[in-house]
Amino acid sequence: QVPFGRRMPCDIYWHGVSFHDKNIFSGQVNKFPGMAETVRKITLSRAMKIMKDLFPLEYDFYPRSWILPDELSLFESEFHKTKDSDPSWKPTFIVKPDGGCQGDGIYLIKDPGDIRLTGSTQSRPAVVQEYICEPLLVDNLKFDIRLYVLLKSLEPLEIYIAKDGLSRFCTEPYQEPTLKNLHQVFMHLTNYSLNIHSGNFIHSDSASTGSKRTFSSILCRLSSEGVDVKKLWSDIISLVIKTIIALMPELKVYYQSDIPAGKPGPTCFQILGFDILLMESLKPMLMEVNANPSMRIEHEQELSPGVFEYVPSPVDEEVKVAVIRDTLRLMDPRKKKKKDTHLIFPHLHGVLIFFPPSYHVMYDIEKKGMKDKQHKHHSLKLSLKLKFYLKLGSYQSLKQAPEVSEELLDTPKGPEAALPSLCLRQVFPKYAKYFCHLLLVDKVAALFIHFLGIKGTTKLGPTGFRTFIRNCRLSNSSFSMASVDILYIDITRRWNSMSIDKESGMCLQAFVEAFFSLARRRYKLLPLHEQVLSLIELCENRLAALPGKRLLWGCG
Ligand code: ADP
């Protein structure tokens, strides 16, 4: 804990909530710049919508969503259109405030007229989403899955998924939504933070009973009922990879802005919490991505009304300790350095943990002020477990190896072999060949970043946009530079009116919209993803053919 700032360089910096220290010039930080913004409900919905427009069949794991208030009339008109064509259609929608968490401000509706647009929470921007009415039930209860995913690197993309996660249960038997039960949060919302307050919440030290269980215990049960759990896992892996592919372009824009290429800076990694709901058909659906998942390994117990104490939660511990331990193993700077230079390396400088008082991670290296004895003992146990690993790093120097690959991690040698086997499994680049065709917006983002010009910004100015059009030779007699300016102004103005960020210029999503419109105009007859791919190829070829690949920055 370094509440008053950092005094010495570190190999790994552990920030509590988000990437916030721009004075780190080396080592690795456990947060990506802009991650918290990128996974907010509205930004996630927009990123998913773009991917769904390009690849409708591949991005069918995110419920259809509309952004409020901007898309309220679109939502209403689409609702009435479907209702008119099928009067028996009786859908339910869920309204979720942007930036909310723990079920805060969420409510269900049957009709667009029921959206609450006034009131402190209700007037906040929100997402309205198709409600999944037929979730898979276990013991007659709705549950969701919290899976931990390590984004180890953005460039090149490296993703790991934890073999086990948590299943969080509702505390009232599930019924399909009706006007009568719409408001019953213990029936419809799986949030632990809500259900803990239900009289029916069951704390259990066993992984396979109670209101919070391990996901592996659910898989065991499903497998014994004949479910193809291998297929289920492969669908989940695919959902995770596709979601990160959708978020990646925006993250890269933030990254180059905070950590410009070529300048000294840290590299980043991050543990993400994916919330997934299984439909009755066993299809996994993404609910949300959490940039700062709770790593708490205790649960609250109500001693008397309103008086809570924290007691160890073996289920949380089983899943979360393994995730933190493996993350540190994978991010071990000796492995990175070994990979880079094939030399024997000096000791680990240390791991700095930054977290604000409200943050409840329990990997406390210097825990102070613990009141509860049991809690203290438990935290100490975990602390020692992690210390044990860090200590190994401090005296062990690995021998030179001809090539260090992730294989090393699968077959640890020396003192590391004493640790339990890895729970984090690499899924990308391992399965890259099945997903590379989806990296279209990523290529559009590369063009955007190329033309951003001055480092440190996330928005493209009018000159940068004109230079893009000119360098890629996209204007012609039927699309003059005056039309280019109108396109820029129209799209930028609309996006900026929807954003709270007051920095002027064209954001990535606005550029993507402009790019798609240019692609449609030029390659009329193709499906959208082919139009976009064709325009990307054209732009890349034209940029490559520029004399000395020199860009004509803003030349008249
Ligand atoms: P929060 O960040 O507030 O937890 P979520 O998007 O995770 O918001 O939603 C909270 C809970 O509501 C989820 O855990 C899930 O149980 C339920 N939920 C959210 N979206 C849907 C949906 N489209 N269909 C069915 N249930 C949903």
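The values are calculated or read from the model by the stated rules, or taken from the named source; none is laboratory data. For clarity, every value in this text was computed on a predicted model and none was experimentally measured. A quick note on method: Cβ atoms are made from the backbone with ideal geometry, for glycine too, and the neighbour counts reach across all protein chains shown. Ligands, DNA and RNA are stripped out before the accessible areas are found, and what is left, the full protein with its side chains, is counted by its heavy atoms. Shrake-Rupley method; radii C 1.70, N 1.55, O 1.52, S 1.80 Å.
Filter the strands (runs of 3 or more DSSP E) completely within region 77-185 down to those with at least 2 residues that are within 16 Å of the ligand (Cβ to nearest atom) and either aromatic (Phe, Trp, Tyr) or not assigned by the TED database to the domain that holds Ala445 (or both). Don't jump to the end; show me each part of the working.
Details: elements: 93-97, 107-109, 126-130, 141-153, 158-162, 166-169.
The strands (runs of 3 or more DSSP E) meeting that bar are 93-97, 107-109, 126-130, 141-153, 166-169.
For region 468-500, give me each residue that is part of a loop (DSSP other than H, G, I, E, B) and either of a type outside the set (Lys, Arg) or free of Cβ contacts under 8 Å to residues at least 12 places away in the same chain (or both). Even if it seems obvious, please write down each step before you answer.
Taking region 468-500 first, the residues part of a loop (DSSP other than H, G, I, E, B) are 472-475, 477-478, 480, 499-500.
Cys472, Leu474, Ser475, Ser477, Ser478, Ser480, Ser499, Ile500 - these are the residues of region 468-500 that are part of a loop (DSSP other than H, G, I, E, B) and either of a type outside the set (Lys, Arg) or free of Cβ contacts under 8 Å to residues at least 12 places away in the same chain (or both).
Could you list, in sequence order, the residues of region 430-467 that are of a type in the set (D, E, K, R), assigned by the TED database to the domain that holds His529 and in a loop (DSSP other than H, G, I, E, B)? Spell out how you get there, then give the answer.
Pass one, region 430-467, residues of a type in the set (D, E, K, R): 430, 433, 442-443, 455, 459, 466.
Now drop any that are not assigned by the TED database to the domain that holds His529, which leaves 442-443, 455, 459, 466.
Hits for region 430-467 are Lys455, Lys459.
Does region 471-515 hold any residues that are over 26 Å from the mean Cα position of the chain (by Cα), among the aromatic types (Phe, Trp, Tyr) and open to solvent by 10 Å² or more (accessible area, probe 1.4 Å), and which are they?
Tyr488
Could you list, in sequence order, all residues of region 44-70 that are within 16 Å of the ligand (Cβ to nearest atom) and open to solvent by 30 Å² or more (accessible area, probe 1.4 Å)? Show your work before the answer.
Step one: of region 44-70, the residues within 16 Å of the ligand (Cβ to nearest atom) are 44-49, 52, 59-68.
Result: Arg46, Lys49, Lys52, Asp60, Arg64.
Just one of the numbered conditions (1) surrounded by fewer than 21 Cβ atoms within 10 Å (Cβ to Cβ); (2) of a type in the set (Lys, Arg); (3) touching a helix residue (DSSP H, G or I) at 6+ places or on another chain (Cβ under 6 Å) is not true of Lys230; which one?
(3)
Might you check whether a residue that is within 11 Å of the ligand (Cβ to nearest atom) and on the phi < 0 side of the Ramachandran plot occurs anywhere in region 197-217? Before the answer, list the steps.
First, pick out the residues of region 197-217 that are within 11 Å of the ligand (Cβ to nearest atom): none.
No, because not a single residue in region 197-217 is within 11 Å of the ligand (Cβ to nearest atom) and on the phi < 0 side of the Ramachandran plot.
For Leu538, work out the one condition from (1) in a helix (DSSP H, G or I); (2) open to solvent by 80 Å² or more (accessible area, probe 1.4 Å) it doesn't fulfil.
(2)
Being of a type outside the set (S, T, N, Q) and free of Cβ contacts under 8 Å to residues at least 40 places away in the same chain is the requirement here; does Glu225 meet it?
So Glu225 passes the test.
So, His347, is that one part of a loop (DSSP other than H, G, I, E, B), at pLDDT below 50, within 22 Å of the chain's Cα centre (by Cα) and surrounded by fewer than 16 Cβ atoms within 10 Å (Cβ to Cβ) or not? Don't jump to the end; show me each part of the working.
Details: part of a loop (DSSP other than H, G, I, E, B): yes; at pLDDT below 50: yes; within 22 Å of the chain's Cα centre (by Cα): no; surrounded by fewer than 16 Cβ atoms within 10 Å (Cβ to Cβ): yes.
Answer is no for this residue.
Could you please find all residues in region 157-199 being of a type in the set (Ser, Thr, Tyr) and surrounded by fewer than 17 Cβ atoms within 10 Å (Cβ to Cβ)?
Scanning region 157-199 gives Thr178, Ser193, Ser198.
Is it the case, given these coordinates, that Leu526 is open to solvent by 60 Å² or more (accessible area, probe 1.4 Å) and not in a helix (DSSP H, G or I)? Write out each step before concluding.
Values: open to solvent by 60 Å² or more (accessible area, probe 1.4 Å): yes; not in a helix (DSSP H, G or I): yes.
So Leu526 fits the description; yes.
List every residue pair whose Cβ atoms lie under 7 Å apart, where the two residues are 6 or more positions apart in sequence or sit on different chains, the first residue falls within region 205-217 and is among the polar types (S, T, N, Q), and the second residue, located anywhere, is part of a helix (DSSP H, G or I).
Final answer for the pair search is Ser208/Ser217; Ser211/Asn195; Thr214/Val315; Thr214/Glu318; Thr214/Val319.
Return the residue satisfying two criteria in turn: it lies in region 247-267 and is open to solvent by 10 Å² or more (accessible area, probe 1.4 Å) and outside any loop (DSSP other than H, G, I, E, B), and of such residues it is nearest to Gly456 (Cα to Cα). First the steps, then the outcome.
Applying the first criterion (open to solvent by 10 Å² or more (accessible area, probe 1.4 Å)) to region 247-267 yields 250, 252, 254-265, 267.
After this cut, where a residue has to be outside any loop (DSSP other than H, G, I, E, B) as well, the list is 250, 252, 254-258, 267.
Working: Glu250: 14, Lys252: 12, Tyr254: 9, Tyr255: 9, Gln256: 7, Ser257: 4, Asp258: 6, Thr267: 17 Å.
Filtering region 247-267 for residues that are open to solvent by 10 Å² or more (accessible area, probe 1.4 Å) and outside any loop (DSSP other than H, G, I, E, B), the one nearest to Gly456 (Cα to Cα) comes out as Ser257.
Please verify whether Glu288 is open to solvent by 10 Å² or more (accessible area, probe 1.4 Å) and away from the ligand (no atom under 11 Å from the Cβ), treating the condition exactly as stated. Give the derivation first.
Details: open to solvent by 10 Å² or more (accessible area, probe 1.4 Å): yes; away from the ligand (no atom under 11 Å from the Cβ): no.
The answer is no for Glu288.
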